[in-house]
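Beneath this line is the structure, given in structure tokens, with notes to follow.
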Amino acid sequence: MPSTSRRLASAPRSVIMQPTTLCQPMDCTYCYLPFRKSNHLMAREVAEAVAKAVNGWAAEQPGFEVVWHGGEPLAAGREYLATLMATFVGVKHSVQTNAALLDDAWCQFFIEHEMHIGVSIDGPEDMNTHRVTRAGHPGFRVIMRGIERLRRHGIPFSAIAVVSDPDPADAPRLYEFFAEQGVTTLGVNVEEEEGVNHNATHTAPARATDFWAALTDAWRANPVIRVREVQRVLNFASAVIGGQNLVPSPASAPWDPMPTVAYDGGVVMLSPELAGFTDKRFGDFTTGNVLHTNLDVLVAQAEERTPWISEFWSGVDACRSTCPTFAFCGGAHAANRYFEHEGRMDGTRTRYCTTSKIALLEGVTRHVREHRP
């Protein structure tokens with residue numbers, strides 16, 4: 001059992017890799033990324049350095065995942081991405097894409113490399129007004145062409161939808177759209193105020209609760225796909241019924257460090273959304289750089305090397321002692337704390353907590369109460 005002085009697990013379950021900062025051809029209005037219009041490519045030396053640690057972890061953890069996330073990873077090109085991927089052994093590769101650059105050659109690439117594909121699209125066409133191209137044109141039809149190619153090649157894919165206005169009236173259409181596309185899993189993110197996105201709508205808690213209840217209703221009426229958020233609540237409820245200790249001490253429940261490796265080799269723990277930002281107190285939020293220090297060392301020494309993490313733990317402890325839904329939420333995410341609390345990591349409740357954790361739990365619970373036999 002880890003000591004109370006260490007809260008991060010000694011090894012992650014996955015690593016997020018940024019092959020390029022460029023997002024092409026999309027320029028979504030809610031994007032939090034600071035360098036999405038610049039084409040900074042990850043050097044092969046960075047991938048090789050990461051692989052030294054990852055290949056060892058993968059040998060101990062079957063199914064260890066390397067997630068390629070940008071920018072738009074496909075903007076790096078097939079040959080270049082293949083070069084970066086070639087350094088890894090025994091891992092499962094995943095990519096999160098806007099699908100706009102996806103063609104038959106990319107589909108063949110995904111099949112050859114047995115990759116898991118996640119597509120970012122926000123539902124039916126009228127729900128995608130924030131997903132526009134650099135030229136300012138709607139991106140929906142371009143994304144759908146990519147989805148059609150995936151379906152034509154028989155490639156399973158999940159989806160992540162950003163909901164700027166969680167209107168309960170839209171929840172049934174949102175769900176049915178993804179059910180019709182045949183996605184394996186749907187993740188729903190209520191738009192967050194973080195990074196360079198300062199325009200997120202402040203949703204009333206009751207409206208968010210109604211949205212999650214309506215989405216659960218739609219899923220129950222046609223449970224053909226997995227809804228990530230609904231499943232989290234159902235798993236939590238199952239644990240409650242099973243008598244598990246759902247408010248563990250810091251020592252008994254190590255956090256996945258979830259390292260994100262930026263194009264230049266800088267490593268940010270816990271919160272990918274902090275990559276690329278700097279702060280007068282915390283610097284660039286990185287724990288170190290894989291070109292100078294092995295990734296396994298950075299993970300093992302993260303709490304000693306990273307000034308903001310101790311302040312973040314203070315916020316988590318404050319949530320544990322004051323929030324009635326902490327057992328489900330586990331504490332606000334680092335980026336949400338930082339961007340919503342004026343650069344502090346030790347604040348407690350955030351709007352993200354309210355709309356995507358508390359309202360989610362209340363909405364799914366309401367559905368269960370109303371449909372109990």
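The values are calculated or read from the model by the stated rules, or taken from the named source; none is laboratory data. Just so you know, these numbers come straight off a predicted model, no measurement behind them. Reconstructed Cβ throughout: ideal geometry from the backbone, glycine too, with neighbour counts over all protein chains shown. What goes into the accessible areas is simple: the full protein's heavy atoms, side chains included, and nothing from ligands, DNA or RNA. Shrake-Rupley method; radii C 1.70, N 1.55, O 1.52, S 1.80 Å.
In segment 330-338 there is no residue matching the filter, namely being in contact (Cβ under 8 Å) with a residue 24 or more places away in the chain, closer than 23 Å to VAL66 by Cβ and surrounded by fewer than 16 Cβ atoms within 10 Å (Cβ to Cβ).
Could you tell me how many of the residues in segment 346-373 are assigned to a loop (DSSP other than H, G, I, E, B) and hydroxyl-bearing (Ser, Thr, Tyr)? So that I can check it myself, show each step before the final result.
At the first step, the residues of segment 346-373 found to be assigned to a loop (DSSP other than H, G, I, E, B) are 346-350, 372-373.
From the residues that got through so far, the ones that are hydroxyl-bearing (Ser, Thr, Tyr) too are 348, 350.
Residues flagged as assigned to a loop (DSSP other than H, G, I, E, B) and hydroxyl-bearing (Ser, Thr, Tyr) within segment 346-373 amount to 2.
I'm trying to understand the selection: among the residues of segment 118-144, which are under 19 Å from VAL67 (Cβ atoms) and open to solvent by less than 10 Å² (accessible area, probe 1.4 Å)? Listed by number, the residues that qualify are GLY118, VAL119, ILE121.
Residue pairs whose Cβ atoms lie under 6 Å apart, sitting 6 or more positions apart in sequence or on different chains, and linking a residue in segment 20-31 that is within 15 Å of VAL162 (Cα to Cα) to a partner that is in a loop (DSSP other than H, G, I, E, B) and not small (Gly, Ala, Ser), are MET26/ASN98; ASP27/ARG134; CYS28/HIS130; CYS28/ARG131; THR29/HIS130; TYR30/HIS130; TYR30/GLU191. Of the residues in segment 105-117, none is open to solvent by 20 Å² or more (accessible area, probe 1.4 Å) and in contact with a Gly (Cβ under 8 Å, 6 or more places away or on another chain).
From ARG36, ARG13, ARG44, grab the single residue that is closer than 16 Å to ASP264 by Cα, of a type in the set (Lys, Arg) and at pLDDT 95 or above.
On the way: ARG36 fails: at pLDDT 95 or above; ARG13 fails: closer than 16 Å to ASP264 by Cα.
Just one listed residue meets the conditions, ARG44.
Of all residues in segment 247-267, those being open to solvent by 40 Å² or more (accessible area, probe 1.4 Å), modelled with pLDDT under 65 and either of a type in the set (Asp, Glu) or in contact with a Phe, Trp or Tyr (Cβ under 9 Å, 6 or more places away or on another chain) (or both) number 1.
Does GLY56 meet the test of being within 19 Å of VAL183 (Cα to Cα) and not basic (Lys, Arg)? No.
Here is a yes/no grid of residues against (1) in contact (Cβ under 8 Å) with a residue 40 or more places away in the chain; (2) open to solvent by 20 Å² or more (accessible area, probe 1.4 Å):
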site	(1), (2)
GLY276	yes, yes
ASP279	yes, yes
THR287	no, no
VAL290	yes, no
ASP296	yes, yes
GLN301	no, yes
GLU304	no, yes
ILE309	yes, no
GLY315	no, no
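Out of segment 342-352, which residues are open to solvent by less than 30 Å² (accessible area, probe 1.4 Å) and out of contact with any His (no Cβ under 9 Å at 6 or more places or on another chain)? Selection gives GLY343, MET345.
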